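Student: Could you have a look at this structure, given as structure tokens, before my questions?
The values are calculated or read from the model by the stated rules, or taken from the named source; none is laboratory data. Quick caveat, the model's predicted, so the values are computed rather than measured. Reconstructed Cβ throughout: ideal geometry from the backbone, glycine too, with neighbour counts over all protein chains shown. For the accessible areas, the whole protein counts, side chains as well, though only heavy atoms, and no ligand, DNA or RNA atoms are used. Shrake-Rupley method; radii C 1.70, N 1.55, O 1.52, S 1.80 Å.
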Amino acid sequence: MTTENPKSSEATIPAPPLLDSFIPLGFLIILLAGSVYFFGEDSTAGATQVAFFFASGLAILAAVKNGHSWKEIETSITKGISVTINAILILFMVGAVIGSWIVSGTVPTLLYYGLKLIDPNIFYISTCIVCAFSALCIGSSWSVIGTIGLGLFGVANSLGISSEITAGAIISGAYFGDKMSPLSDTTNLAPAVAGTDLFTHIGNMIWTTIPAISIALVAFWYLGLDIEVKSSPNELNQKLEYLREFFNVGLHLLIPPLLVLILALMKFPAFLAMLLSSLSGIVIAVFFQKELLISFGTIENLSDMELIIKGVWTALFDGYSANTPDADLNNLLSRGGMADIRNNVWLVISAMMFGSIMEHAGFLQRLIKGMMSLARSTGSLIFTTVITCISVNIVAADQFISIVLPGRLYQLEYRKRKLGPQTLSRTLEDAGTVTSPLIPWNTCGVFISSVFDLTAFSYAPYCFFNLLCPIISIFYGVFNFKLTYTHQRETLTRTT
């Protein structure tokens, strides 16, 4: 998050006391608990951000007490927030993409064919499998969640199926595919940090990942047995009629999500892929949804073309407001726009500010080293690594930091205990990558909440794959099962 200059005046500052490191974190935990207590699922609409700001203030005071200057703390905050600029840009594009996909007829088309073709009794398990295969092919959980996942989520809402379980199935499948794909950024990052090669890392992950996804699929299959479709056949047919009446529906309108998947497979940056997909949605809307745009942008003294332009423009920054006779469809299709993302961006910036201060002042590193002292056995070392990755995900609010920081700090300890680097890289992914969407203020949690308009608190209990991976990793460590050891003698050197 921050890069320290060895010539800095703060280079000789000793490590902070453990108590000074814990006080800001403890204060944050109390404030976060209070925000959830008072505001519930609406806590991320502002209360959580306030908690991070005040906890950051206390962290700044603790940092100054330990010899850090305000100027360098301010610089570290700027650098830390700058790391999230790409994620913030993607979040804004998510709003634009959703708005453009609705007015282009892409989302209504996904709903239309989904309602006609998908069997509700196997909906959850089918959703998980489809998302897993898609993410495995393109290596991006975000791309799958924001495209195929969005469509499947809409189908679930239209059928009256649990949106929280559906989100859990989408996230479980997407993160399984992302975790096992050689095209994934985190799957490449973890072995690089731990000191092993990509395919050794993927092969070693099979032992924790396959059991986790297998149990998850069984759970989604079981939950699907009791699905009660709230919409009667007549109501479903009525929804289909409304979709065709208010939108032009056709397979050619699926070009925008298909474009995202193709560009992701070609390793285009996520922001660029979503931008191009949004532009394709605009073009399709202008050619195939003229009547919709004219009615959406209705204002006196404007020509039809001006109303079309205004309608598209409004959808991009303020989303679309559906006006069908069906309240459920209106609720589902009235969303999107960059303005809808502002709260989420505020949340990311607030969380990253706190994480930046904690890392710059050495508080985060001190806490991790304090935890490391508890790792006396192999099982406790694996357990401590898992807890550390999850804690960094909570404090630093970024999955990449949850891989890089613990990976650097634990690498020497794993080597001392003759544990292979692939054991460390697997643990980093089992605990860092997959738990990031479960934390409301983490960049991944914020992204998913933006797509589904759900809080992480509501969908997290159903992300079975994400919950199981760290548990299985700890289980293997405790029972010394499927851990790779190095038997040759090594000269241990600490690199700086």
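Student: Put a dot 7 Å past each Cα toward the Cβ at Leu272 and Phe54; how far apart are the dots in nm?
Tutor: Label at Phe54, label at Leu272, 4.4 nm between them.
Student: Protein chains only, probe 1.4 Å: how do Arg408, Arg376 rank by accessible area, largest first? All intermediate terms of the calculation are to be shown ahead of the outcome.
Tutor: Working: Arg408 170, Arg376 190 Å².
Descending order: Arg376, Arg408.
Student: Hull surface divided by four, with the convex hull built on the Cα atoms of segment 7-81: how many nm²?
Tutor: Values: hull surface 22.4 nm².
Computed as one quarter of the Cα hull surface, the answer is 5.6 nm².
Student: Hey, what angle do you get for helix 123-138 against the long axis of the chain, alpha-carbon based, 0 to 90 degrees rounded to 10?
Tutor: For helix 123-138, the angle is close to 70 degrees.
Student: Right, another one. Could you check the spin-label model distance between Leu61 and Asp185? Points 7 Å from the Cα along Cα→Cβ, value in nm.
Tutor: 3.6
Student: Please work out whether segment 199-348 counts as rounded, prolate or oblate from its C-alpha gyration tensor, where a ≥ b ≥ c are the square roots of the eigenvalues and a/c under 1.5 means rounded, while otherwise a/b larger than b/c means prolate and anything else oblate?
Tutor: Working: a/c = 2.28, a/b = 1.44, b/c = 1.58.
The shape class here is oblate.
Student: Show me, for segment 190-206, the HN-Hα J-couplings you get by feeding each phi into the Karplus relation (A = 6.51, B = -1.76, C = 1.60, θ = phi - 60°), rounded to Hz, glycine and proline as x.
Tutor: Here the 3J(HN,Hα) series is 4, x, 5, 5, 7, x, 10, 9, 4, 6, 5, 4, 5, x, 6, 5, 3 Hz.
Student: Just want the answer: with Cβ charges of +1 for Lys and Arg and -1 for Asp and Glu, which residue in Val395, Val345, Ser377 is farthest toward the dipole's positive end in segment 268-400?
Tutor: Ser377
Student: Now a separate question. Given the -39500 (n - 2.57) contribution per DSSP H run of 4+ residues, what per-residue ellipticity at 222 nm results for the chain, rounded to the nearest 500 deg cm²/dmol?
Tutor: Details: 25 runs with 348 residues, N = 496.
The per-residue figure over the chain is -22500 deg cm²/dmol.
Student: On to the next question. Treating each Cα of segment 379-425 as an identical point scatterer and ignoring solvent, apply the Debye formula and state log10 I(q)/I(0) at q = 0.13 Å⁻¹.
Tutor: Values, matching the q order: -0.26.
Student: Now a separate question. Rounded to the nearest 20 Debye, what is the dipole magnitude of the chain about its Cα centre when Lys and Arg each give +1 and Asp and Glu each give -1 at the C-beta?
Tutor: Values: 26 positive and 32 negative charges, 413 e Å.
Computed charge dipole of the chain: roughly 1980 debye.
Student: Still on this structure: Mind checking which of Ser163, Phe22, Gly336 is farthest towards the positive end of the chain's charge dipole, using Cβ charges of +1 (Lys, Arg) and -1 (Asp, Glu) about the Cα centre?
Tutor: Looking along the dipole axis, the top candidate is Phe22.
Student: So what are the ³J(HN,Hα) numbers for segment 430-441, from phi and the Karplus equation (6.51, -1.76, 1.60; θ = phi - 60°), rounded to whole Hz, Gly and Pro as x?
Tutor: 3J(HN,Hα) across segment 430-441, in whole Hz: 4, 10, x, 4, 7, 8, 4, x, 8, 9, x, 9.
Student: If you line up the long axis of helix 150-159 against the longest principal axis of the chain, both from Cα atoms, how many degrees apart are they, to the nearest 10?
Tutor: Relative to the chain, helix 150-159 is tipped by roughly 60 degrees.
Student: Sort Leu61, Leu136 from largest to smallest accessible area, using a 1.4 Å probe on the heavy atoms of the protein chains. Walk me through the intermediate numbers first.
Tutor: Working: Leu61 115, Leu136 70 Å².
So the residues, ranked largest to smallest area, are Leu61, Leu136.
Student: Kirkwood Rh, the chain, all Cα pairs: how many Å?
Tutor: Values: mean 1/r = 0.0421 Å⁻¹.
Result for the chain stands at 23.7 Å.
Student: Now for a separate question. Using a 1.4 Å probe on the protein heavy atoms only, what accessible surface does His68 show? Give it in Å² to the nearest 10.
Tutor: About 20 Å², ignoring ligands and nucleic acids.
Student: Taking amide H atoms as placed 1.01 Å from N in the peptide plane, list the residues 5 or more away in sequence, or in a different chain, whose amide H sits under 5 Å from that of Leu419.
Tutor: Thr486
Student: Keeping all protein chains in place, calculate the accessible area per residue for segment 190-294 (probe 1.4 angstrom), answer in Å². Numbers along the way, then the final one.
Tutor: Details: 5550 Å² over 105 residues.
Normalised by residue count, the accessible surface of segment 190-294 is 53 Å².
Student: Once phi is turned into θ = phi - 60°, what whole-Hz ³J(HN,Hα) does the Karplus curve with 6.51, -1.76 and 1.60 give for every residue of segment 215-227, x standing for Gly and Pro?
Tutor: Result, rounded to whole Hz: 5, 4, 5, 4, 5, 5, 5, 5, 5, x, 5, 9, 5.
Student: Suppose a student asked you for the relative contact order of the chain, using Cα pairs under 8 Å spaced at least 6 residues apart; what percent would you report?
Tutor: On the way: 839 pairs, mean separation 120.1, N = 496.
RCO, the chain: 24 percent.
Student: Among Val218, Thr187, Phe457, pick out the residue whose Cα is farthest towards the positive end of the charge dipole of the chain, where Lys and Arg carry +1 and Asp and Glu carry -1 on C-beta, about the Cα centre.
Tutor: Thr187
Student: If one takes the longest principal axis of the Cα atoms in the chain, at what angle in degrees, from 0 to 90 and to the nearest 10, does the Cα axis of helix 304-318 lie?
Tutor: Taking Cα atoms only, the helix is inclined about 30 degrees.
Student: Segment 349-389 to segment 201-223: how many Å between their Cα centroids?
Tutor: Centre-to-centre distance over Cα atoms comes out at 27 Å.
Student: For segment 288-346, with only Lys/Arg (+1) and Asp/Glu (-1) charged at the beta-carbon, what is the dipole magnitude about the Cα centre, in debye rounded to 20? Intermediate results must be reported in sequence, preceding the final value.
Tutor: Working: 4 positive and 8 negative charges, 45 e Å.
Dipole about the Cα centre, nearest 20: 220 debye.
Student: Size of the dipole of segment 199-307 about the Cα centre, Lys and Arg at +1 and Asp and Glu at -1 on the beta carbon, nothing else charged, in debye to 20?
Tutor: Values: 5 positive and 9 negative charges, 109 e Å.
For this selection, approximately 520 debye.
Student: Which peptide among 427-439, 343-355 comes first, and what is the full order, when sorted by highest mean count of other Cβ atoms within 10 Å? Write out the running numbers ahead of the final one.
Tutor: Numbers: 427-439: 28.9, 343-355: 23.7.
Top to bottom by mean Cβ count within 10 Å: 427-439, 343-355.
Student: While we're here: Over segment 395-472, what is the relative contact order in percent, taking alpha-carbon pairs closer than 8 angstrom and at least six residues apart?
Tutor: Working: 73 pairs, mean separation 23.9, N = 78.
It rounds to 31 percent for segment 395-472.
Student: Continuing with this model, one more query. Just subtract the alpha-carbon distance of Ile29 and Lys416 from 0.36 nm times their residue separation and send over the number in nm, one decimal. Each step should come with its number before you reach the end.
Tutor: Numbers: separation 387, 0.36 × 387 = 139.32 nm, distance 3.38 nm.
Length gained between Ile29 and Lys416: 135.9 nm.
Student: Stretched out fully, how many nm does the piece from Asp318 to Thr484 gain, at 0.36 nm a residue minus the Cα gap?
Tutor: Details: separation 166, 0.36 × 166 = 59.76 nm, distance 5.23 nm.
Result for the pair: 54.5 nm of gain on full extension.
Student: If you don't mind, another one. Would you mind getting me the FRET efficiency between Leu236 and Glu74? Use the beta-carbon distance for r and R0 = 60 Å, nearest 0.05.
Tutor: Working: r = 57 Å, r/R0 = 0.94.
In this case the efficiency is close to 0.60.
Student: Share of the chain's accessible area from carbon and sulfur, percent, 1.4 Å?
Tutor: Values: 13630 of 21090 Å².
Of the solvent-accessible surface of the chain, carbon and sulfur hold 65 percent.
Student: Quick one: order Tyr222, Tyr462, Tyr414 from most to least accessible surface, probe 1.4 Å.
Tutor: Numbers: Tyr222 135, Tyr462 75, Tyr414 5 Å².
The ordering from most to least exposed comes out as Tyr222, Tyr462, Tyr414.
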